[in-house]
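Below is one structure, written out as structure tokens; the observations come after it.
The values are calculated or read from the model by the stated rules, or taken from the named source; none is laboratory data. For clarity, every value in this text was computed on a predicted model and none was experimentally measured. All Cβ positions, even for glycine, are placed from backbone atoms using ideal geometry, and neighbour counts span all protein chains on display. The area values use the complete protein model at the heavy-atom level, side chains included, leaving out ligands, DNA and RNA. Shrake-Rupley method; radii C 1.70, N 1.55, O 1.52, S 1.80 Å.
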Amino acid sequence: MSAQRTDLQHRLAERQREKAELERQLHAAHVQYQEEVAPLEEKVLRLRVEHLRRAAQRHMRSAKHRNAYHDAQRAYESFQEERRTVGSASHDTLKRRYRQASKRCHPDAVPDAYRAQAAATFQALESAYKAGHAEAVQAIAAALEQWGFPEEAAEDRRSQRRERDELRRAVSSLETAIEALRDTDLYRAVAERENVDAVLRAKKNALLQHLLELRHQARR
């Protein structure tokens, strides 16, 4: 096995771990949002639907009011559907995916030359599974299915060259995905941990103010 291939396998394992860790951090922030902010957002959307429904009933001939009501209703239904599908993967499905992936990257199941990289990947997979982060488990499992560790060394130069090309594409794909994750507002808040709570607090305060306004409108 060439040194170049070994280096590519090492880079692949590093990028897999890095992506899994980024996804774990973002998942934790998203869970916090779902627990602290989403219930308020749902109330705002529901009250907005009720407010616009009454307005549409008062102005039955107004297409503007009807359209506003229907738009609000669709937004509310979309929000509810999104909340239902968050973390929708069942525990059994996640466990099965984890077990399949762990067999592919267990240090004892790969050639000696790949053991260090496999151990690092296995650790990242285990951390994601214990955190209940289905997306990270799925991402690592998918990468292992496509770019996993070989059972034995490539037999000829053509297959070695093909493997190196595939590894380069895998590393490039993971690096692009990592950059995309880092280029999100949520990641920038997570990167400066003290900002996460501040962002969520500001969002909650804005929603609470909106709730007060909607309730005031409802009493008119």
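Which value, in debye to the nearest 20, gives the size of the charge dipole of region 1-127 about its Cα centre, when Lys and Arg are +1 and Asp and Glu are -1 at the Cβ?
On the way: 25 positive and 18 negative charges, 153 e Å.
That gives region 1-127 a dipole magnitude of about 740 debye.
For region 41-56, take each phi angle, set θ = phi - 60°, evaluate the Karplus expression 6.51 cos²θ - 1.76 cosθ + 1.60, and give the result in whole Hz per residue in order, putting x for glycine and proline.
4, 5, 4, 4, 5, 5, 5, 5, 4, 4, 4, 6, 5, 5, 5, 5
HIS10 versus ASP108, label points 7 Å from Cα toward the beta carbon: distance in nm?
The two pseudo-label positions are separated by 2.6 nm.
So for the chain, taking the charge dipole from beta-carbon charges (+1 Lys/Arg, -1 Asp/Glu), which of HIS10, ASN205, GLN117 sits furthest toward the positive end?
Final value for the positive-end residue is ASN205.
How many Å² of accessible area per residue for region 33-111, probe 1.4 Å? Each step should come with its number before you reach the end.
Details: 5290 Å² over 79 residues.
That works out to 67 Å² per residue.
Give the angle, between 0 and 90 degrees and rounded to the nearest 10, that separates the Cα long axis of helix 115-130 from the longest principal axis of the Cα atoms of the chain.
20 degrees
Report the local net charge at ALA170: Lys and Arg +1, Asp and Glu -1, summed over other residues whose C-beta lies under 11 Å from its C-beta. Please list the in-between numbers first.
Details: positive: ARG11, ARG15, ARG164, ARG168, ARG169; negative: GLU163, ASP165, GLU166, GLU175.
Once positives and negatives cancel, what remains is +1.
Could you tell me what percent of the accessible area of region 44-143 is made up of carbon and sulfur, with a 1.4 Å probe and every protein chain present? Mind dumping the intermediate values first?
Numbers: 2910 of 6040 Å².
Its accessible area is 48 percent carbon and sulfur atoms.
Could you name the lysines whose alpha carbon sits less than 19 Å from that of LYS95, not counting residues in the same chain fewer than 8 places away?
Correct list for LYS95: LYS103, LYS130.
With a 1.4 Å probe and every protein chain left in place, work out the accessible area per residue of region 163-220 in Å², rounded to a whole number. Each step should come with its number before you reach the end.
Details: 3940 Å² over 58 residues.
Value returned for region 163-220: 68 Å² of accessible area per residue.
Report the relative contact order of region 31-124, percent, no decimals, based on alpha-carbon pairs under 8 angstrom and at least 6 residues apart.
Relative contact order here is 18 percent.
Just need the relative contact order of the chain here, percent rounded to a whole number, with Cα pairs under 8 Å and 6+ apart.
The value is 37 percent.
Which of rounded, prolate, oblate describes the chain, given a ≥ b ≥ c as roots of the alpha-carbon gyration tensor eigenvalues and a/c under 1.5 marking rounded, otherwise prolate only if a/b is larger than b/c?
Note, shape of the chain comes out prolate.
What is the helix-to-structure angle for 91-105, meaning the angle in degrees between its Cα long axis and the longest Cα principal axis of the chain, kept from 0 to 90 and rounded to the nearest 10?
Approximately 30 degrees, to the nearest 10.
Considering the convex hull of the alpha carbon atoms of region 33-127, report its projected area averaged over all viewing directions, in nm², one decimal.
Here the figure is 9.1 nm², rounded to one decimal.
Along the Cα→Cβ direction, 7 angstrom out, place labels at GLU42 and ALA198. What is the inter-label distance in nm?
Label at GLU42, label at ALA198, 3.0 nm between them.
Rounded to the nearest 10 degrees, what's the angle between the helix 157-182 long axis and the longest principal axis of the chain, both from Cα atoms, 0 to 90?
30 degrees
What are the lysines whose alpha-carbon lies under 21 Å from the alpha-carbon of LYS203, with same-chain residues fewer than 8 places away excluded?
Cross-link targets: LYS43.
Within a Cβ distance under 14 Å of ARG83, other residues only, what is the Lys/Arg minus Asp/Glu net charge?
-4
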